[in-house]
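> Provided herewith is a single structure, encoded as structure tokens, for subsequent inquiry.
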Amino acid sequence: MKANQKGLSLVELMIAITIGLILMTGVVKVFLSSKNTYSNQQALSRVQETGRLAIEFLSKDIRMAGYTGCSSRTGVPPTNTLKTPTAFKFNFAGAIMGYTSNAMPASNGLSPAPLNSPVTDVISVRGAYGTGVEVTQTNSATEVYIKPDATTTETNGCGTTDRVSGFCVNDIVMIADCTKSRVFQITDIPNSGNPIVVKHDSTAAVAPSGNAIAAWWTGSLSTENDVFQPGAELMQAFNTTYYIATGTSGRSSLYQSVNGVTNASELLEGVENMSITYGLDATPAPPATPDYIPESYETAATITAANNWAKVRSVRISVVVASVEDNVLAEAQTFTFNGTTTTDRRLRMVFTTTIGIRSRLI
């Protein structure tokens, strides 16, 4: 280069630009590769976490299906004194029931409605949960008497009213001993003394159901089925339905409805489909003693006789979880599950588990 030359020649400038472009291309490729890897890992993590939680939610309640405290092993359904004991929301006669989303009972009242395209499975489990509160003295025809717990009264624990011994007015509850159980709705808890008085009036207009009768017997006589002596338990009753519906984001989500609440709870976004089969203990036939081993797994549509639901020992569930973000995969993939085919660039995984019903196993 001459001593008086200043700046760069055109050739040198073009060479510098070319080298810069090559380096920039490498940097951009590394960045895009890292971004794609991050997006894939994030989508995979979210899908795995959603699937894990979906199985956990379902398993927890299915294991407890038909739990009625000490009387769980009797197989005798609870006496139901709610106003509409056969309605979908308040039917505690069967511990577990399955449906397809396009063949739900007309009175199901689920909001939002289950997804019908694609058709998915729906499951309802009924029973009681929690350790319960001990009954301290024999009930009257209109009142149940329970023991105060360590935190007898929780001020405004039920919104605007107090929670007493773990219960709120309007709670749907189950009282049980080792031979029987009964479902009713609490209409008043007038004191926080010892014992706690729990009333079940039939005249009060309470949501979501109310009681069909005020007194479990009249006069001074009562039947054995009406009397719960000290040592019985009062527990929260539940009728929980799990199903797939369109979520607030417009994507499919797993929903949970408990005891007919007006709006079901959206649990997990991205759960697209659910397939459920039920393990039937078909042999030996009643009145012989069952062996508690499922001989076959059937869909809800094939379990037609009412007593077959009482033979269900286990439940096998498969859920499809899709990534919330689109364009996760490098190219469109075709995914088929339960007769439904989807083609897009979302990441999908199927999670499967088999759950035993504790009250129906040895």
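> In a shell of Cβ-Cβ distance under 13 Å around Gln48, excluding Gln48 itself, what net charge do Lys and Arg (+1) and Asp and Glu (-1) give?
Computed value for this residue: +1.
> On the accessible surface of the stretch 129-248, probed at 1.4 Å, how many percent belong to carbon and sulfur atoms? Show your work: numbers first, answer last.
On the way: 2610 of 5220 Å².
Answer for the stretch 129-248 is 50 percent, counting heavy atoms of protein chains only.
> I would also like to ask the following. Any idea what the dipole of the chain comes to, in debye rounded to 20, about its Cα centre with Lys/Arg Cβ at +1 and Asp/Glu Cβ at -1?
1000 debye
> How long is the gain from Asn225 to Thr203 if the chain were fully straight, where each residue apart is worth 0.36 nm and the alpha carbon distance is subtracted?
Details: separation 22, 0.36 × 22 = 7.92 nm, distance 2.27 nm.
My answer for the length gained is 5.6 nm.
> Just going by the charge dipole of the stretch 224-327, with Lys and Arg at +1 and Asp and Glu at -1 on Cβ, which of Val319, Leu267, Gly231 is farthest out on the positive end?
Val319
> Turning to a different aspect of this structure: Using a Gaussian network model of the chain whose springs link C-alpha atoms within less than 10 Å, name the residue from Met14, Met97, Met24 with the highest mean-square fluctuation.
Met14
> Using label points projected 7 Å from each Cα along Cα→Cβ, tell me how many nm separate Asn194 and Val350, to one decimal.
It works out to 5.8 nm between the two label points.
> I want to verify a result. In a Gaussian network model of the chain, Cα cutoff 10 Å, which of these has the top mean-square fluctuation: Ala301, Ala106, Ala54?
Ala106
> Could you give me the ³J(HN,Hα) list for the stretch 76-90, computed from phi with Karplus coefficients 6.51, -1.76, 1.60 and θ = phi - 60°, whole Hz, x at Gly and Pro?
Values per residue, Gly and Pro as x: 8, x, x, 6, 10, 9, 6, 5, 10, x, 9, 5, 3, 5, 10 Hz.
> Moving to a separate point now. Between Ser296 and Glu12, what length in nm is gained on full extension when 0.36 nm per residue of separation is reduced by their alpha carbon distance?
This chain segment gains 94.4 nm when fully extended.
> I'd like to check one number: the per residue accessible area of the chain, probe 1.4 Å, reported in Å² as a whole number. Don't jump to the answer; show the numbers that get you there.
Numbers: 18260 Å² over 362 residues.
Result: 50 Å² per residue.
> Let me ask something else. If we count every other residue with Cβ under 15 angstrom of Thr248's Cβ, Lys/Arg +1 and Asp/Glu -1, where does the sum land? Write down the numbers at each step before the final one.
Values: positive: Arg251; negative: Glu266, Glu269.
Summing Lys/Arg as +1 and Asp/Glu as -1 gives -1.
> Something else now. Please give the net charge around Asn225, taking every other residue with its beta carbon less than 12 angstrom from that of Asn225, where Lys and Arg add +1 and Asp and Glu add -1.
On the way: positive: Lys180, Arg182; negative: Asp177, Glu224, Asp226.
Once positives and negatives cancel, what remains is -1.
> Here's another thing I want to ask about it. Within the stretch 330-362, report the trypsin sites (Lys or Arg not before Pro) that DSSP leaves as loop and that have at most 16 other Cβ atoms within 10 Å. Intermediate results must be reported in sequence, preceding the final value.
Numbers: sites: Arg345, Arg346, Arg348, Arg358, Arg360; in loops: Arg345, Arg346.
For trypsin sites (Lys or Arg not before Pro) across the stretch 330-362 that sit outside H, G, I, E and B with at most 16 neighbouring Cβ atoms in 10 Å, the list reads Arg345.
> Give the value in nm², to one decimal: projected area of the alpha carbon convex hull of the stretch 81-223, averaged over all directions.
Answer in nm², one decimal: 10.5.
> Set the Förster distance to 35 Å, then compute FRET efficiency between Ala306 and Cys158 from the Cβ-Cβ distance, nearest 0.05.
After rounding to 0.05, the efficiency reads 0.45.
> Suppose R0 equals 35 Å. What FRET efficiency, 1/(1 + (r/R0)^6) with r the Cβ-Cβ distance, do Phe57 and Ala330 give to the nearest 0.05? Display every interim value, and only then the final one.
Working: r = 32 Å, r/R0 = 0.93.
FRET efficiency, Phe57 to Ala330: 0.60.
> Same structure, new question: Rank Gln42, Gly94, Leu32 by how far each Cα sits towards the positive end of the charge dipole of the chain (+1 on Lys, Arg Cβ; -1 on Asp, Glu Cβ) and give me just the farthest.
Value computed over the given set: Leu32.
> Same structure again: Picking from Leu21, Leu53, Leu44, which is most flexible by a Gaussian network model of the chain using Cα springs under 10 Å?
Largest GNM mean-square fluctuation: Leu21.
> Using helices alone, I'd like the mean residue ellipticity at 222 nm for the chain: each DSSP H run of four-plus residues gives -39500 (n - 2.57), total over residue count, nearest 500. Walk me through the numbers on the way to the answer.
Details: 1 runs with 54 residues, N = 362.
Counting only the DSSP helices, I get -5500 deg cm²/dmol.
> Now for a separate question. Could you size up the charge dipole of the stretch 103-179 around its Cα centre, putting +1 on the beta carbon of Lys and Arg and -1 on that of Asp and Glu, and report it in debye to the nearest 20?
180 debye
> Would you mind getting the Kirkwood hydrodynamic radius of the chain from its Cα pairs, rounded to one decimal in Å?
Here the Kirkwood hydrodynamic radius works out to 23.9 Å.
The values are calculated or read from the model by the stated rules, or taken from the named source; none is laboratory data. Please read these numbers as outputs of a predicted model, since none were measured by experiment. Methodologically, a virtual Cβ is constructed for each residue, glycine included, from the backbone with ideal geometry; neighbour enumeration extends over all protein chains shown. Side chains are part of the model used for accessible areas, which takes the heavy atoms of the whole protein and leaves out ligands, DNA and RNA. Shrake-Rupley method; radii C 1.70, N 1.55, O 1.52, S 1.80 Å.
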